[in-house]
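**Q** Below are the structure tokens for one structure; questions will follow.
Please treat every number below as a calculation from the coordinates, not as lab data. Being a predicted model, the structure only gives us computed values, none of them experimental. Neighbour counts run over all protein chains shown; Cβ positions are idealised from the backbone, glycine included.
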Amino acid sequence: MTRYGLIGGTFDPFHNGHRRLVEAVNASDGIDRVILMVAGQQPHKTRVKVSAASYRFEMAVRGVSDLENVTVSDMEINRKGRSFTIDTLNELTKNMSDDDQLILVYGSDVLFDLPNWREPAAILLRYPLLIAARGGIARQAAEIQAEKLRCDYQARISFMEQDMIELSATSIRDMLVAKQPHSHLIPDRVAAMIEHHDLYGYDDELTTLDPELWGLLADYERQLRPLLNTKRLLHSLNVMRYAMHLAMRHGIDVKKAAIAGLLHDCAKCLEAHTVLHYARLAGDPQLVEAALAHGPAGAYLAKRDFGINDTEILRAIHFHTTGNGDMSPLDLLIYVADKVEPARTYNNLEGIRIAAENDLEQAMRLCLVEVEAFLVREQKPSHPYALAALKKLNVVE
Ligand SMILES: [Fe+2]
Ligand SMILES: [Fe+2]
């Protein structure tokens with residue numbers, strides 16, 4: 001028999017309050033293993049922008065990677081549509097043996113919310129709750145509410161021995177957006193990830209966008225997850241956010257920039273022969289070669305599997321590996337965003353990033369010059385599309 005302590009959360013970001021809770025639950029006598037469940041699209045939350053699920057999942061993974069007996073689950077973020085706790089519990093217990101036990105760990109505020117969830121009686125009848133509470137008045141109110149749930153639902157509720165310190169994810173996010181020091185609030189590995197990917201870098205602008213757009217992008221991200229490895233997934237999300245930022249600066253359609261940015265590498269991690277096959281089907285023989293074919297193959301896949309019919313988006317994906325002699329503003333934007341997204345660390349990127357803020361054509365020129373210099377070093381030929389782009393931008397005759 002294994003007793004699992006289930007801790008759910010949005011983890012936006014994963015902070016030291018989460019970390020201390022995981023450690024405390026892991027150390028408690030009645031728990032053998034801890035499962036961290038990263039929240040999918042939340043039925044109870046109304047906040048406009050939640051960081052992409054894959055970012056939150058990776059933060060949680062890094063936040064507990066040195067702890068034994070702790071696993072992070074992506075079950076909810078891989079599920080289509082909104083996630084209800086009862087569905088997650090049913091799915092989790094399906095894979096457990098009969099004498100295993102699942103104990104639900106929550107903050108005390110959940111005692112008040114839970115009667116409004118879907119099927120509260122079923123949840124409380126089947127699963128014991130372990131409540132992490134602050135001390136003082138909050139604890140007294142929680143005890144009274146717990147007693148009410150025991151009477152109403154036969155709930156089994158116990159409180160953790162030590163009082164928990166609650167950190168506010170909202171204020172930590174505000175500090176991150178304002179680039180204030182936060183090292184005392186976030187585990188080092190998570191802080192390093194946030195910095196490397198500039199995870200909250202554009203949030204002051206991006207939080208102003210339509211919540212429906214975030215819902216749509218979350219859906220595409222869910223479909224993208226099984227197609228890409230972690231590194232490529234995070235890169236794609238970085239390109240998406242950076243493309244959105246640049247689109248807002250340059251008056252380009254933000255939705256198209258976001259979708260093209262997110263999906264531009266959707267074919268990148270497929271088997272080589274499949275990529276070449278899709279590139280052939282995309283009907284551009286000039287790009288049917290190893291390093292470049294994932295452009296047209298990605299456009300083919302974005303149309304076939306993601307239902308993208310917008311020709312501007314498909315074109316930007318198609319040409320993101322080479323550019324071409326007749327680039328639209330969206331083509332330029334995606335090409336540049338891909339080359340200099342925040343986690344890229346080649347030399348000479350800062351100048352391109354500065355140029356990209358004001359002049360996408362100039363940023364494109366600088367990117368193309370870097371690519372050409374790289375090809376010369378590697379003794380590889382330039383692609384005709386890249387040469388056409390260089391000509392068009394008056395870099396070469
Ligand atoms: Fe690519
Ligand atoms: Fe890329």
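**Q** Give the relative contact order (percent, whole number) for region 209-392; include only Cα pairs under 8 Å separated by 6+ residues.
**A** Across region 209-392, relative contact order equals 20 percent.
**Q** Take the Cα coordinates of region 145-259, assign each an equal point scatterer, and use the Debye formula without solvent to give log10 I(q)/I(0) at q = 0.10, 0.11, 0.14 Å⁻¹.
**A** -0.49, -0.57, -0.78
**Q** Within 10 Å, count the other beta carbons around each residue, average over each peptide in 367-375, 202-210, and list them highest first. Spell out each step's value before the answer.
**A** Details: 367-375: 17.0, 202-210: 15.0.
The densest-packed peptide leads the list: 367-375, 202-210.
**Q** Among residues other than Ala282 whose Cβ falls under 14 Å from its Cβ, what is the net charge (Lys/Arg +1, Asp/Glu -1)?
**A** +1
**Q** Follow-up question, since we're still on this one. Is the shape of region 75-177 best called rounded, prolate or oblate, per the rule: a/c under 1.5 gives rounded, else a/b larger than b/c gives prolate, else oblate, with a ≥ b ≥ c the square roots of the Cα gyration tensor eigenvalues? Provide the component values of the computation, followed by the final result.
**A** Values: a/c = 1.83, a/b = 1.12, b/c = 1.63.
Taking the square roots of the gyration eigenvalues as a ≥ b ≥ c, region 75-177 is oblate.
**Q** Return the Cα extents of region 306-383 along principal axes one, two and three, sorted largest first, each rounded to a whole Å.
**A** Result for region 306-383: principal-axis Cα extents of 39, 29, 23 Å.
**Q** Treat each spin label as a single point 7 Å out from the Cα along the C-beta direction, and report the Asp29 to Met248 distance in nm.
**A** With each label point 7 Å from Cα toward Cβ, the separation is 5.2 nm.
**Q** If a paramagnetic tag sat 7 Å from the Cα of Gln362 along the Cα-Cβ line, which residues of region 310-332 would have the backbone N under 19 Å from that point?
**A** So the set is 329-330, 332.
**Q** Another one. Order by neighbour count: His196, His18, His273, His264, fewest other Cβ atoms within 10 Å first, most last.
**A** His273, His196, His18, His264
**Q** Here's a follow-up. At 1.002 mPa s and 20 °C, plugging the Kirkwood radius over alpha-carbon pairs of region 209-392 into Stokes-Einstein gives what diffusion coefficient in µm²/s? Spell out each step's value before the answer.
**A** On the way: Rh = 16.3 Å.
It comes out at roughly 132 µm²/s.
**Q** Can I ask one more? Which order do Met96, Met244 fall in if you start with the one that has the fewest other Cβ atoms within 10 Å?
**A** Arranged by neighbour count, lowest to highest, Met96, Met244 become Met96, Met244.
**Q** I would also like to ask the following. Arranged by the count of other C-beta atoms within 10 angstrom, fewest first, what order do Met37, Met164, Met1 take? Working shown, then result.
**A** Working: Met37 24, Met164 17, Met1 9.
Least crowded to most crowded, the residues run Met1, Met164, Met37.
**Q** Using label points projected 7 Å from each Cα along Cα→Cβ, tell me how many nm separate Ser168 and Ala138, to one decimal.
**A** Spacing of the two 7 Å Cα→Cβ label points: 1.1 nm.
**Q** If a/c stays under 1.5 just call it rounded; otherwise compare a/b with b/c (prolate if a/b is bigger, oblate if not). Do that for region 3-173, with a ≥ b ≥ c from the square roots of the Cα gyration tensor eigenvalues.
**A** rounded
**Q** Using the structure shown, list the pairs from Lys94/Lys231; Lys179/Lys256; Lys268/Lys339; Lys231/Lys268; Lys303/Lys339 with a Cα-Cα distance above 20 Å, or answer none.
**A** Over 20 Å Cα-Cα: Lys94/Lys231; Lys179/Lys256; Lys303/Lys339.
**Q** When a/c is below 1.5 the answer is rounded, else prolate if a/b is larger than b/c, else oblate, so apply that to the chain with a ≥ b ≥ c taken from the square roots of the Cα gyration tensor eigenvalues.
**A** Cα axes put the chain in the prolate bin.
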